[in-house]
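The values are calculated or read from the model by the stated rules, or taken from the named source; none is laboratory data. As the structure is a prediction and not an experimental result, all values here were calculated from the model. Cβ placement follows ideal geometry from the backbone for every residue including glycine, while neighbour counts extend to all protein chains displayed. In case anyone asks, the SASA skips ligands and DNA or RNA and just uses the protein heavy atoms, side chains included. Shrake-Rupley method; radii C 1.70, N 1.55, O 1.52, S 1.80 Å.
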Amino acid sequence: MKYEWRKQDKNIYLPKAKPEIIDLEPMTYITIQGKGNPNHPLFSELVTALYATSYAIKMMPKKGDTPEGYYDYTVFPLEGFWSLEPGSLAFDKEKLTYKIMLRQPDFITPELFEMAKEKAAKKVAEEHLNQLKLEEITEGLNLQMLHVGSFDNEATSFAKMEAFCEENNLERLSKNHKEIYLSDFKKVAPEKLKTTLRFEIKYK
């Protein structure tokens, strides 16, 4: 049976358009870091590096290399942790720092990751391949909600989330946050984009 995150992991990726608490277990990702305006070409290059490597893993059986424990699955959605450079006093896209990532199936190993990078080398600059990492990340206790609309309007959803924190004895731990991209932002109109927003919390 094919593993499809939209069905098996609805609670992780498909929240409702209202704040909800989630406690996340460790998950394994291929990650890459960058900084600056995500509208610049570099961001797209880093996204390409992630997808090329992830699809190399998914397609291994069709290339004659079936990893131990392999099962068919849908490639997971693009995710990213976002923050601002230290000392930034106001929001400026040029000052953004980010770690973007694609979750991996649980049969992934460091050896498979290295094989996938070799297979992706024709599509990805060596510089970016060398930046890719295989990481286990534990997000823990978070607040999340679905944001519908432009990335530039996310402040409205964050305001709802912060109000929820005030009403429910919760504290947002930092202005850093995570975004999970449920729409293809190259193809979908800004007002129709669907993005899961998430930030770390604790009980007061």
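Looking only at region 166-204, how many residues end up being closer than 18 Å to L102 by Cα and open to solvent by 40 Å² or more (accessible area, probe 1.4 Å)?
Total satisfying the criteria: 4.
State the number of residues belonging to region 137-154 that are among the β-branched types (V, I, T) and in contact with a Pro (Cβ under 6 Å, 6 or more places away or on another chain). Let's see the steps before the verdict.
First, the residues of region 137-154 that are among the β-branched types (V, I, T): 137-138, 148.
Okay, now just the ones that are also in contact with a Pro (Cβ under 6 Å, 6 or more places away or on another chain), so 138.
The number of residues fulfilling the criteria is 1.
Would you check which residues across region 81-139 are closer than 14 Å to I32 by Cα, among the charged types (D, E, K, R) and either open to solvent by less than 70 Å² (accessible area, probe 1.4 Å) or outside any helix (DSSP H, G or I) (or both) and list them?
The answer is K99, R103, K117, K133, E135, E136.
So, in region 15-41, exactly how many residues are open to solvent by less than 70 Å² (accessible area, probe 1.4 Å) and either charged (D, E, K, R) or under 30 Å from M115 (Cβ atoms) (or both)? Explain how you work it out, then say what you get.
Residues of region 15-41 that are open to solvent by less than 70 Å² (accessible area, probe 1.4 Å), as a first pass: 15, 17, 19-20, 22, 24, 26-32, 34, 36-38.
From what is left, the residues that are either charged (D, E, K, R) or under 30 Å from M115 (Cβ atoms) (or both) are 20, 24, 26-32, 34, 38.
Qualifying residue count for the region: 11.
Out of region 54-80, which residues are part of a loop (DSSP other than H, G, I, E, B), open to solvent by 30 Å² or more (accessible area, probe 1.4 Å) and farther than 30 Å from N153 by Cβ?
Just the residues of region 54-80 that are part of a loop (DSSP other than H, G, I, E, B), to begin with: 59, 64-72, 74-77.
Then drop every residue that is not open to solvent by 30 Å² or more (accessible area, probe 1.4 Å), which leaves 59, 64-66, 68-72, 74.
Within region 54-80, M59, G64, D65, T66, E68, G69, Y70, Y71, D72 qualify.
If the requirement is being among the hydrophobic types (A, V, I, L, M, F, W, C) and touching a helix residue (DSSP H, G or I) at 6+ places or on another chain (Cβ under 8 Å), which of these qualifies: M1, M27, M60? First the steps, then the outcome.
Working: M1 fails: touching a helix residue (DSSP H, G or I) at 6+ places or on another chain (Cβ under 8 Å); M27 fails: touching a helix residue (DSSP H, G or I) at 6+ places or on another chain (Cβ under 8 Å).
Criteria check complete, one pass: M60.
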